[in-house]
Amino acid sequence: MPTHHFPKIKKITYEGPSTTNPLAFRYYDPNEMVAGKKLKDQLRFSIAYWHSFRGVGTDPFGPGTIVRPWEKGKDPVSIAKTRMDAAFEFFTKIQAPFYAFHDRDIAPEGRTLAESNRNLDKVVAHAKQLQKATGVKLLWGTANLFSNPRYMCGAATNPDAHVFAYAAAQVKKALEVTRTLGGENYVFWGGREGYETLLNTDLKREQDHLAAFLHMAVDYAKQIGFKGQFLIEPKPKEPTKHQYDFDVASGIAFLRTYGLEKYFKFNIETNHATLAGHTFQHEIEVAAAAGLLGSIDANAGDTLLGWDTDQFNPDVRELTLAMFSILKAGGLGTGGFNFDAKLRRPSIDLADLFYAHIGGMDSYALAYKLALKIRAEGKLEKFVDDRYASYDGDYGKAIEKRRLGFKDLEKLVLRKLGEPKPKSGRQEYLENLLSSYLHH
């Protein structure tokens, strides 16, 4: 494959924490054996095609600032193939084992659905060759059901059945493409599945339609033999006033209401968690408690801004807590850490793309190692176990197994237990303990 799109940048390698080379890893050594597996197989880093190779630095107040040298030519399919060559050169030089895309990221949309599908087939054939040549795999695919004006009122929740049908046809093709490229998951992000006002919205009917759409996807996946994991990605507020997939908890309620919980898990994004008023760790814990933790979109928001800024995350404390919860849940299975993060508007150089991902990969690798150490020493988990130890005793177990009722517990308190003695939660001690790991 061509390797001339980043001629001044060599393969990024691990040089250790003391290195001063900005184009080297300080904490991420892909081949380091950690907990019996290579670190690259533990973290399963993925590059988001839409930000890294379709993002041009636009924001709500201005057009793009980033111009890439490979974005030249008159034939959009040829440009898409050249862009993909550049992408795979980047994937290999940054040592990312996976990538992820929307259908319209990798191939241009045509004047008709048939033309769009033909364009997609040509680029997918090229992607398949590049995957074989490099060993880079597809973490997940999805369909862009939000950018085109036809989806201004939603896709599966659109009041027009014609739009619903078009969206179904687009997802059908995206599922086929994901299967062809060996995608290990398929994500549903309802970018416009919500409403602006209830004055023109039948909320129940729209949610019924969304559930029907997802059941159709499950049925079609079985028909074509796609065995990848389906993922729901919650996102509040943006772009609609109210998103039906607001957070993990509302997503769980939706899945269980419509009998979809056997087929879907959650792809959790840090920035979406904070926009919903939650911490990243909270969303992970809610999904894990339901057995529905699937994958991670690795980014961060700016707490001073109320929109989805999709930044690379340097907050090792936040990431360590997240990694701790992920490890406690048993990991992500076929999921991974997809860098759904974009360069800042003034970061226009090719090298900036490397700096950003090096920082992100190092932060997650360091956090992962710290979380492993915290888990191995067991101090935090022991404190929690001790705090709930009363439920391991006779009447505590009976409460959890619903063998006692109000009358039974009233007798127990009146005859034996009496007044409870307050016990400290020792939050400050635990925060200091966490800090001792972070600053060791």
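What the table shows:
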item: All positions within segment 133-147 that are open to solvent by less than 40 Å² (accessible area, probe 1.4 Å) and in a strand (DSSP E or B); result: Leu138, Leu139, Trp140, Gly141, Thr142
item: Candidate set: segment 34-45, residues that are touching a Pro at 6+ places or on another chain (Cβ under 7 Å) and open to solvent by less than 30 Å² (accessible area, probe 1.4 Å); chosen: the one nearest to His102 (Cα to Cα); result: Phe45
item: Subset of segment 16-32 [open to solvent by 90 Å² or more (accessible area, probe 1.4 Å) and under 16 Å from Ala365 (Cα atoms)]; result: Ser18, Arg26
item: Residue match in segment 426-436 (condition: part of a helix (DSSP H, G or I), open to solvent by less than 100 Å² (accessible area, probe 1.4 Å) and touching a helix residue (DSSP H, G or I) at 6+ places or on another chain (Cβ under 7 Å)); result: yes
item: Long-range neighbours under 8 Å by Cβ, at least six apart or interchain, first residue at positive phi within segment 24-47, second of a type outside the set (A, V, I, L, M) and open to solvent by less than 40 Å² (accessible area, probe 1.4 Å); result: Arg44/Pro97; Arg44/Phe98; Arg44/Gly335; Arg44/Gly336; Arg44/Phe337
item: Sole residue being over 22 Å from Asn338 (Cβ atoms) and not β-branched (Val, Ile, Thr), chosen from Asn144, Asn158; result: Asn158
item: Residue tally, condition under 14 Å from Asn267 (Cα atoms) and among the hydrophobic types (A, V, I, L, M, F, W, C), over segment 277-335; result: 13
item: From the options Lys132, Lys122, Lys204, Lys227, residue that is modelled with pLDDT of 95 or more and either under 24 Å from the mean Cα position of the chain (by Cα) or of a type in the set (A, V, I, L, M, F, W, C) (or both); result: Lys227
item: Residue match in segment 348-358 (condition: outside any helix (DSSP H, G or I), touching a residue at least 24 places away in the same chain (Cβ under 8 Å) and on the phi < 0 side of the Ramachandran plot); result: yes
item: Selection from segment 59-94 of residues that are of a type in the set (Val, Ile, Thr), farther than 13 Å from Ala127 by Cβ and touching a residue at least 40 places away in the same chain (Cβ under 8 Å); result: Thr65, Ile66, Val67, Thr92, Ile94
item: Subset of segment 295-330 that is part of a loop (DSSP other than H, G, I, E, B), hydrophobic (A, V, I, L, M, F, W, C) and touching a residue at least 24 places away in the same chain (Cβ under 8 Å) - its residue that is surrounded by the fewest Cβ atoms within 10 Å (Cβ to Cβ); result: Trp307
item: Yes/no for Ser347 being over 30 Å from Tyr437 (Cα atoms) and of a type in the set (S, T, N, Q); result: yes
item: Residue among Gly225, Gly182, Gly190 that is closer than 20 Å to Val286 by Cβ and not hydroxyl-bearing (Ser, Thr, Tyr); result: Gly190
item: Looking only at segment 46-88, and only at residues there that are open to solvent by less than 20 Å² (accessible area, probe 1.4 Å) and farther than 24 Å from Gln129 by Cβ, the one that is farthest from the chain's Cα centre (by Cα); result: Gly62
item: Enumeration of residues in segment 98-132 that are in a helix (DSSP H, G or I), among the small types (Gly, Ala, Ser) and surrounded by fewer than 21 Cβ atoms within 10 Å (Cβ to Cβ); result: Ala114, Ser116, Ala125
item: Scope segment 236-271; condition closer than 22 Å to Ala217 by Cβ, open to solvent by less than 10 Å² (accessible area, probe 1.4 Å) and under 15 Å from the mean Cα position of the chain (by Cα); matching residues; result: Val248, Gly251, Phe264, Phe266, Asn267, Ile268, Glu269
item: Residue in segment 379-397 that is polar (S, T, N, Q) and open to solvent by less than 40 Å² (accessible area, probe 1.4 Å) present; result: no
item: Check on Ile9, assigned to a loop (DSSP other than H, G, I, E, B) and open to solvent by less than 20 Å² (accessible area, probe 1.4 Å); result: yes
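The values are calculated or read from the model by the stated rules, or taken from the named source; none is laboratory data. Here the structure is a predicted model, which means the values were calculated and not measured. We place every Cβ from the backbone using ideal geometry, glycine too, and count neighbours over all the protein chains shown. Just the protein is used for accessible areas: all its heavy atoms, side chains included, with ligands, DNA and RNA removed. Shrake-Rupley method; radii C 1.70, N 1.55, O 1.52, S 1.80 Å.
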